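Notes follow once the structure below has been shown.
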Amino acid sequence: MMIQKIKTYAVLTAAAFTLSSCLDKYPEDSIPSDGALTTVSEVNEAIIGIYASFMSSSLYSGNLTLLPDIQTDLVYGVNGNTGVYGDVWRWNDILSTNPEIESVYGALYTVINRCNFVLDRVDAVRAATTDDEELDLLDQCCGEAYFARALAYSELIKCFCEAYENDGKDGERPGVVLTKHYKGDEPMRREDSYKFVLDDLDKAAELLKLEDDFTPSNTQLYSTGYFNEYTIYALRARVSLYMKNWEDAVKYATEVIDSGYYTLTSCNQYTTVSGSQVNLYQYMWAMDVSTETIWQITFTINSYGGALGTVFANYDNTSYRPDYVPAYWVLYDLYDSNDLRATSIFGEVTTGYSHGLTWPLLTKYFGNLSFTSNNIYGVTMPKVFRLSEQYLIRAEAYVQQGDYNSAGKDITKLRTARYSSYGSSTSMTADNAMDIIEQERVKELYMEGFRLHDLKRWHKGFEREPQEQSLSNGSSLKVEADDPLFVWPIPQHELDAPGSEIEPNESNK
């Protein structure tokens, strides 16, 4: 694989968490009081607050995205690094008191509590509203709240629950604590959870369906910061994959793929940035605009969340001192010479460390151009749903159904958009299909938060081998399949909260 020098990419970079339960409700200064939601406008403002809560650096612009991949075999800690996320990378201190894991848990319940606040109060506003347009807006707001709650619960299940097996026994496996109301005497116990997620998605689908006369020519759907009918399908496809419901995974991914509203960005098509040519795949990461983004979290230079790129660069206007660098096996064993993703998202750098490590760094998170031009580095808008994931979901579901021909067509479609040239088909058989799926998910979804959960649901382990200037403690790690720490521990303060009936995970023990 050929790795570009960092100067090729430089144009894109130059140009209150407490020990109380996360299930506790907000203090009075954090959310409107009981009587606050009396108008449609106030409901709409509360929905804006829900979107804003997704900006948290504990979620997609930080821990929720980074931790599941840093915990696996995708990156290596560098000698002399700051030690950030070190406990998770080493696997020896992933405890119920880990602050990064606690923050993910708490931030997801923050989203859920805000959704419950709106949904508990909207009926009273609806009863006092007669204007049809305002009633339609209330429906839209409810749809957005149901979807946001489903998304938050789906992430909690993914991180804090065992893999779903679709064996008739999943109701016996601990789910997550379900809170359906902002104020209520709901038990603090773990319940079967995926049904709740699917029910919320059904409700959202009834309320966020696009008008029959909607066409992409009169509305820009892609790269939107708002939920719509197709974000629902995208999440349904992802949830179906994790539930091993292959038929629904194909069904909902196809709804997105065949909609015609989204197209894969091409590594073979170029645009101009600051007088230099970059391909559209690079442009997607550097400018946060593409035809394949189904939903991303919108940032501005005055309002943004975490900086995904910090741990991969730590750029100080002079040099790079990354905490983590890509694994050798990813860089040199997966991408072939025609795969333009390699030169689009990795760039070789001589670091500022005293040991002078020269290594390809992950450049796709180096930052949005409008931010870097204001000396804000490493901030890119999290792309929670992209079309490429839908192709990968459908391909894997086809493989599990034994339809290797259809799976091969989906992989071919993706590779055609990413390769400088690609053959007419991808040959997939029972012997090689899942290897191809695994490799393609690593290449396409690298450091987007999927690897830990993929290994968990595939019941696979991993092994690291030391590489140049990698930390000695952690570089030779071998993790067996189904290790308890594939499931994150429930935060200790949740287990210890008054009235808690929450069952601990094996990783708590």
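The values are calculated or read from the model by the stated rules, or taken from the named source; none is laboratory data. Keep in mind that what you see is a predicted model, and the values were worked out from it rather than measured. Glycine also receives a Cβ, built like all others from the backbone with ideal geometry; neighbour counts cover every protein chain displayed. Remember, those area values only see protein heavy atoms, side chains included, never the ligands or the DNA or RNA. Shrake-Rupley method; radii C 1.70, N 1.55, O 1.52, S 1.80 Å.
Filter the range 141-168 down to the residues that are charged (D, E, K, R) and either in contact with a His (Cβ under 7 Å, 6 or more places away or on another chain) or assigned to a helix (DSSP H, G or I) (or both), then identify the one that is nearest to Y230 (Cα to Cα).
E144
Among the numbered conditions (1) open to solvent by 50 Å² or more (accessible area, probe 1.4 Å); (2) out of contact with any Gly (no Cβ under 7 Å at 6 or more places or on another chain); (3) at pLDDT below 95; (4) not aromatic (F, W, Y), tell me where S223 comes up short. Here S223 meets the rest and fails (1).
Every test in (1) open to solvent by less than 40 Å² (accessible area, probe 1.4 Å); (2) modelled with pLDDT under 95; (3) in a helix (DSSP H, G or I) is passed by G171 save one, and that test is (1).
Looking only at the range 313-336, residues that are acidic (D, E) and either open to solvent by less than 10 Å² (accessible area, probe 1.4 Å) or under 16 Å from L357 (Cα atoms) (or both) come to 1 in all. Take V78 and decide whether it is surrounded by fewer than 20 Cβ atoms within 10 Å (Cβ to Cβ), closer than 20 Å to P322 by Cα, modelled with pLDDT of 95 or more and among the hydrophobic types (A, V, I, L, M, F, W, C). When the stated conditions are applied, V78 does not pass them.
Would you confirm whether any residue within the range 142-160 is closer than 19 Å to Y51 by Cα, surrounded by fewer than 19 Cβ atoms within 10 Å (Cβ to Cβ) and touching a Phe, Trp or Tyr at 6+ places or on another chain (Cβ under 8 Å)? Among the residues of the range 142-160, not one is closer than 19 Å to Y51 by Cα, surrounded by fewer than 19 Cβ atoms within 10 Å (Cβ to Cβ) and touching a Phe, Trp or Tyr at 6+ places or on another chain (Cβ under 8 Å), which makes the answer no. Summed over the range 36-50, residues that are under 22 Å from S154 (Cα atoms) and either in a loop (DSSP other than H, G, I, E, B) or open to solvent by 30 Å² or more (accessible area, probe 1.4 Å) (or both) total 1. Scanning the range 91-135 for residues that are among the hydrophobic types (A, V, I, L, M, F, W, C), open to solvent by 70 Å² or more (accessible area, probe 1.4 Å) and not in a helix (DSSP H, G or I) turns up L95, A128. Residues in the range 237-275 that are in contact with an Asp or Glu (Cβ under 7 Å, 6 or more places away or on another chain) and among the aliphatic types (A, V, I, L, M): L241, L264.
For the range 103-117, the set of residues classified as over 14 Å from A52 (Cα atoms) and not aromatic (F, W, Y) consists of S103, V104, G106, N116, listed by residue number.
If you go through the range 61-87 and keep only what is assigned to a loop (DSSP other than H, G, I, E, B) and out of contact with any helix residue (DSSP H, G or I) (no Cβ under 9 Å at 6 or more places or on another chain), you end up with S61, N79, G80, G83. Inspect all residues belonging to the range 176-191 and state whether any of them is surrounded by 13 or more Cβ atoms within 10 Å (Cβ to Cβ), touching a Phe, Trp or Tyr at 6+ places or on another chain (Cβ under 9 Å), within 23 Å of L455 (Cα to Cα) and not aliphatic (A, V, I, L, M). No: the range 176-191 contains no residue that is surrounded by 13 or more Cβ atoms within 10 Å (Cβ to Cβ), touching a Phe, Trp or Tyr at 6+ places or on another chain (Cβ under 9 Å), within 23 Å of L455 (Cα to Cα) and not aliphatic (A, V, I, L, M). Being open to solvent by 10 Å² or more (accessible area, probe 1.4 Å) and not in a helix (DSSP H, G or I) is the filter; apply it to the range 386-404 and report the residue that is nearest to Y233 (Cα to Cα). Ranking the qualifying residues of the range 386-404, first place goes to Q401.
Look at the range 290-301: where a residue is assigned to a strand (DSSP E or B) and a partner is open to solvent by 10 Å² or more (accessible area, probe 1.4 Å) and of a type in the set (K, R), sitting 6+ places away or on another chain with Cβ atoms under 6 Å, you get T293/K383; Q296/K383. A count restricted to the range 270-289 and to residues that are over 22 Å from the mean Cα position of the chain (by Cα) and either modelled with pLDDT of 95 or more or assigned to a strand (DSSP E or B) (or both) stands at 8. Counting the residues of the range 242-284 that are hydrophobic (A, V, I, L, M, F, W, C) and within 15 Å of L392 (Cα to Cα) gives 7. Taken over the range 232-252, the criterion of being farther than 30 Å from S420 by Cα, open to solvent by 10 Å² or more (accessible area, probe 1.4 Å) and in a helix (DSSP H, G or I) is satisfied by Y233, R236, Y242, W246, E247, D248, K251. Just so you know, in the range 337-363 the residues that are assigned to a loop (DSSP other than H, G, I, E, B) and more than 17 Å from G378 (Cβ to Cβ) include one that is least open to solvent (accessible area, probe 1.4 Å), and it is L357.
State yes or no: is T310 β-branched (V, I, T), open to solvent by 10 Å² or more (accessible area, probe 1.4 Å) and over 21 Å from G225 (Cα atoms)? Outline the logic, then answer.
On the way: β-branched (V, I, T): yes; open to solvent by 10 Å² or more (accessible area, probe 1.4 Å): yes; over 21 Å from G225 (Cα atoms): yes.
Criteria met by T310.
Scan the range 364-385 for residues that are open to solvent by 10 Å² or more (accessible area, probe 1.4 Å) and polar (S, T, N, Q) and the total you get is 4.
In this structure, is E255 farther than 30 Å from T82 by Cβ and open to solvent by 50 Å² or more (accessible area, probe 1.4 Å)? Considered against the rule, which asks whether it is farther than 30 Å from T82 by Cβ and open to solvent by 50 Å² or more (accessible area, probe 1.4 Å), E255 comes out as yes.
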